[in-house]
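Notes follow once the structure below has been shown.
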Amino acid sequence: MTEQSRPVPAKRLLYVATRWPWPVATGRQRMIDQSLRFAAEGGWKIVLLYAGRREADASTCPLPDLEHHLLPMPKLPEAAVNLAVLGGRPLQDAFFGSRSAHDTVSKTIDAFDPDTILVDMLRMAQFVEMLPRRPRGRLVLDMDDVLSLRYARMREAGTGNVLGAFGERLPKAVRIAADVVPKALLGFEERRMRIREREAPRNFDATMVVSPLEADHLRTRIGRPISAHPPAVDEMPFRPRDYARRLRVVFLGGDNYGPNAESLVEIERVARILADTAPGLPIVFEAAGAVTRDLGLRHVRRLGFVPDLADLFSEDAVLLAPVRSGTGVKTKVLDAMAHSVPVLTTSLGTEGLAVEPESEVVVRDRVEDLAAALIRFAGHETGRLASVARGGWGYATRLHLRPDVCRTFLSEIGGAAA
């Protein structure tokens with residue numbers, strides 16, 4: 001075999017993740033899954049290290065050649081020690097950085113010798129920053145959202161469940177404390193996170209966030225290059241909707257994330273307005289996503305986890321997403337658009353999306369105005385819904401198709417493997 005004909009070894013990617021991404025039930029799982037699939041499609045050999053309390057169910061992994069290992073989260077005594085030596089780091093770092101996890105990362109790097117290490121969110125950056133020496137290869141930080149901004153909005157809105165989706169993996173004492181002093185905790189994390197958002201990117205060769213808007217914001221704030229890695233959608237044909245019989249108003253998101261819980265309560269308020277002012281209107285309300293607590297919803301049917309979005313977004317669906325807090329691109333909005341579902345949301349629900357209000361999405365910020373829009377849609381404006389559905393579908397397929405987003409992602413981590 002000549003030198004020119006000898007096969008080039010596949011590039012090696014080590015992905016250090018905040019969680020096991022399958023089955024995909026949250027926006028962050030969606031983005032981890034997307035990144036891993038893009039890397040696999042690009043020919044990379046991948047090792048996934050994921051934080052958790054126990055080994056994940058390997059049968060849920062859709063990538064047959066993926067090697068994966070658990071990064072054990074510290075128990076309360078070790079987390080307490082971590083808290084004592086945090087310095088100026090956010091509190092959440094203490095609940096991910098077990099000694100066993102640090103050892104696993106270090107040993108994996110020595111054995112796997114990755115060409116690129118991709119770190120999922122700031123809380124996992126410690127596993128690269130605390131290594132005895134900088135590893136060979138490219139270091140990429142995927143920050144997800146600008147969390148300091150998310151925490152500020154949650155604090156101002158008084159949103160509950162401060163710990164978000166990863167709270168269920170933390171010790172019970174921590175969950176109780178977060179419920180007792182949520183605003184104080186958010187303010188503390190917000191201040192420390194702002195510092196980390198400025199300092200951590202200096203230790204990486206590239207930094208990404210989901211939203212192009214937040215990429216611009218962070219780039220201006222810290223004076224470093226920041227790229228956007230938004231959600232991608234599959235190309236699907238436009239499907240005309242049929243609202244002759246009813247409107248099925250749907251929402252996508254588990255209540256274990258504070259902003260989603262807040263949106264669910266807002267949807268209940270909209271439903272109550274309709275029940276009081278237009279009781280005979282053919283409108284039903286449904287919500288898909290994790291059900292972890294009683295939010296007092298009497299007019300919204302909770303569906304739990306829905307494995308196939310096509311079932312949720314069937315022919316009579318309209319997405320209602322009254323987003324009041326949170327940051328980044330709202331994947332639920334983009335997914336609905338890709339499925340030809342018209343979207344009714346708030347100004348914050350379109351953040352990071354370069355959509356045209358009224359032609360590609362309907363934006364109303366007051367609960368009363370959201371209810372009024374639904375009343376009109378269920379009456380004489382079903383044609384308007386069809387127009388908005390086509391506009392949103394056109395936006396999603398124009399700017400968020402998988403091949404285009406994949407190309408940008410692969411260039412950020414080091415290109416497609418040979």
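The values are calculated or read from the model by the stated rules, or taken from the named source; none is laboratory data. Only a predicted model underlies this, so the values are computations on that prediction, with no experimental measurement involved. Cβ: placed from backbone, ideal geometry, glycine included. Neighbour counts: every protein chain shown.
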I'm trying to understand the selection: among the residues of region 107-141, which are free of Cβ contacts under 8 Å to residues at least 40 places away in the same chain and surrounded by fewer than 16 Cβ atoms within 10 Å (Cβ to Cβ)? 107, 110, 111, 130, 131, 132, 133, 134, 136
Could you go through region 277-284 and let me know if any residue there is in the same structural domain as residue 325 (by TED's automatic domain parsing), over 16 Å from residue 373 (Cβ atoms), modelled with pLDDT of 95 or more and hydrophobic (A, V, I, L, M, F, W, C). yes
In region 256-307, residues that are closer than 16 Å to residue 318 by Cβ and of a type in the set (Phe, Trp, Tyr) total 1
Looking at residue 331 and the list (1) modelled with pLDDT of 95 or more; (2) in contact with a Pro (Cβ under 7 Å, 6 or more places away or on another chain); (3) surrounded by fewer than 24 Cβ atoms within 10 Å (Cβ to Cβ), which single condition is not satisfied? (1)
Hey, does region 301-312 have a residue that's assigned to a strand (DSSP E or B) and surrounded by 19 or more Cβ atoms within 10 Å (Cβ to Cβ)? no
Search region 32-74 for residues being among the hydroxyl-bearing types (Ser, Thr, Tyr) and surrounded by 14 or more Cβ atoms within 10 Å (Cβ to Cβ), and hand back the single one that is nearest to residue 116 (Cα to Cα). 35
For region 340-418, which fully contained helices (runs of 4 or more DSSP H) count at least 1 residues that are closer than 27 Å to residue 33 by Cα and touching a strand residue (DSSP E or B) at 6+ places or on another chain (Cβ under 8 Å)? 382-399, 402-413
Which one is farthest from residue 266 (Cα to Cα) among residues in region 362-381 that are without any contact (Cβ under 8 Å) to a residue 60 or more places away in the chain and of a type in the set (D, E, K, R)? 381
On the given criteria, is residue 382 among the polar types (S, T, N, Q), modelled with pLDDT under 90 and farther than 22 Å from residue 226 by Cβ? yes
On the phi < 0 side of the Ramachandran plot, over 25 Å from the mean Cα position of the chain (by Cα) and not assigned by TED's automatic domain parsing to the domain that holds residue 308: which single residue out of 76, 70, 49, 63 fits that description? 76
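Please find, among 185, 295, the residue that is over 28 Å from residue 311 (Cβ atoms) and among the aliphatic types (A, V, I, L, M).
185 is the lone residue from the list that is over 28 Å from residue 311 (Cβ atoms) and among the aliphatic types (A, V, I, L, M).
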Can you confirm whether region 258-265 contains a residue that is touching a Pro at 6+ places or on another chain (Cβ under 7 Å), within 18 Å of residue 334 (Cα to Cα), surrounded by 22 or more Cβ atoms within 10 Å (Cβ to Cβ) and in contact (Cβ under 8 Å) with a residue 12 or more places away in the chain? yes
Return the only residue of 89, 54, 123 being farther than 30 Å from residue 9 by Cα, among the charged types (D, E, K, R), in the same structural domain as residue 147 (by TED's automatic domain parsing) and assigned to a helix (DSSP H, G or I). 123
How many residues of region 393-416 are under 20 Å from the mean Cα position of the chain (by Cα) and of a type in the set (Gly, Ala, Ser)? The answer is 1
Failed condition for residue 47, given (1) over 23 Å from residue 126 (Cα atoms); (2) touching a Ser or Thr at 6+ places or on another chain (Cβ under 9 Å): (1)
Taking the criterion of being modelled with pLDDT under 90 and among the small types (Gly, Ala, Ser), would at least one residue in region 190-209 satisfy it? no
Some residue of region 313-321 being more than 20 Å from residue 245 (Cα to Cα) and buried (at least 16 other Cβ atoms within 10 Å of the Cβ): yes
Can you tell me which of 376, 302, 366, 298 is in contact with a Gly (Cβ under 9 Å, 6 or more places away or on another chain) and not aromatic (Phe, Trp, Tyr)? 302
